[in-house]
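The values are calculated or read from the model by the stated rules, or taken from the named source; none is laboratory data. This structure is a prediction, so every number in the text was calculated from the model and none was measured. Neighbour counts are summed over all protein chains in view; Cβ atoms, including those assigned to glycine, are modelled from backbone coordinates with ideal geometry.
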Protein chains: 2
Amino acid sequence: MPSDTDAAPRAQARAELLVVALEQFAVDGYHATSLQQIADRAGYAKSNVLYHFGSKEGLLNAALSAAVDDLAALVDTFPRRGAGVDPREFVERFVDYLFAHRLEVVLIVNQGQSLADVPVVDRAMAVIARLALEICSEDASIAEQLRFGVALAGAAYTLVAGRTILGGTLEPEDGDAEARTALVDILAELLAPAARPLG
Amino acid sequence: MPSDTDAAPRAQARAELLVVALEQFAVDGYHATSLQQIADRAGYAKSNVLYHFGSKEGLLNAALSAAVDDLAALVDTFPRRGAGVDPREFVERFVDYLFAHRLEVVLIVNQGQSLADVPVVDRAMAVIARLALEICSEDASIAEQLRFGVALAGAAYTLVAGRTILGGTLEPEDGDAEARTALVDILAELLAPAARPLG
DNA sequence: ACAGGGGCTGACCGATCGGTCAACTAGCGT
DNA sequence: ACGCTAGTTGACCGATCGGTCAGCCCCTGT
């Protein structure tokens, strides 16, 4: 038969499964999502998921590794502490990263600690810890740490879960341009060590 | 035999189970936590958990209902929009609430959307939505919504998960006094509509 | 002394989990 | 026409899940 009624003409099953799995993992939670659900929603058999990814953990790894790689590369570009570089440019790139990988970020931020034994998640946590150390260097007052945590988790959360609470949609492209600008302002305000009143 | 080697002399099993379940739900996730784990960690049989709470969902409800009630009562005290009341006093009470119920807050914020069908969680989400509407009233620019989301989720996250990322402990009483002051400053800065540069 | 009942438990249940395996299908080089 | 291989599937597995149930222990009222 000619593949006519098929939703995707002949797209890679791997890619389709990755999209479905990532969204399901991020929204419903990794442990609350079964391979059967992912397979059903993508229109394949459960066996096929395990054929492509070996295991449920392999599927999670495949769904996150690219985003973790990008984050590691982004952290490498963090401006050195010595130079009084305006961190706004870095913040903009960071926010762009959040928008590009919102599902992966929400997954790691929300479920990271319960998935710490998964290698890719552990790698992600290590990268985040490195970023935290670079932002609030060795002085690391509690206020500094709090500002970093509030900024990271708050930004990640509002990109997905916050919209559902406030009744918004979850799809991109809604008011992302305006949201991006506003989020850059908020994060720059939270992270910039210079423009702070320093109580 | 005299109850000598017993860890707790004759404390209510209900209360012990609630403590263990709440921590396990918040840290590992609701779906990733089995009744067997909770029972084992508390030193009881799994049947006893179901005897006291009827079901796993009943256990979650019992673990969260008090915190949700307190949050609803707190939101009721939110100062009216008309009066130009300094919101700092409310923020202080809000931060105190976060510290008092940190595990419950983290559970709801992190797993709320995947537990939306549970009545107590749905009630909690409704209360949070009400607070959001009161803070950023009908004008509700995207920037306002983002500030609220960043503040709530960021504060909740840093109270538990953020500490683990930065290598801190999870127990209270560490530097809570300093953290409380710093968090009040950050939230007041994020939520106060007056003291904002209004770019 | 003796019923009675709340607290608690182990044995057990059906359902579902992640994972394995043999078999089937389609395309492709020869 | 012939294998060969990659992609896909349903049947099946042991383990574990949340939940039920009969019964045991022990305290208490009478």
Picked from the stretch B:44-79 (must be modelled with pLDDT under 95 and surrounded by 14 or more Cβ atoms within 10 Å (Cβ to Cβ)), the residue farthest from the chain's Cα centre (by Cα) is B:Phe78
Filtering the stretch A:38-72 for residues that are within 16 Å of DNA strand D (Cβ to nearest atom) and small (Gly, Ala, Ser) leaves a count of 9
When restricted to B:Leu190, B:Leu159, B:Leu183, B:Leu107, the only residue surrounded by 15 or more Cβ atoms within 10 Å (Cβ to Cβ), at pLDDT 80 or above and either hydroxyl-bearing (Ser, Thr, Tyr) or within 20 Å of B:Glu23 (Cβ to Cβ) (or both) is B:Leu107
Of the residues in the stretch A:17-54 that are near DNA strand C (Cβ under 7 Å from one of its atoms) and touching a residue at least 12 places away in the same chain (Cβ under 8 Å), the one that is farthest from B:Val109 (Cα to Cα) is A:Leu50
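For B:Ala177, are the conditions met, namely being facing chain A (nearest Cβ under 7 Å) and at pLDDT 75 or above?
Working: facing chain A (nearest Cβ under 7 Å): no; at pLDDT 75 or above: yes.
Judged against the criteria, B:Ala177 is not a match.
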Contact list, first residue from the stretch A:57-81 and within 14 Å of another protein chain (Cβ to nearest Cβ), second anywhere and within 16 Å of DNA strand D (Cβ to nearest atom), beta-carbon distance below 7 Å, six or more apart or interchain, is A:Leu60/A:Tyr30
Matching residues in the stretch B:9-27 (within 11 Å of DNA strand D (Cβ to nearest atom) and crowded, with 17+ Cβ neighbours inside 10 Å) number 3
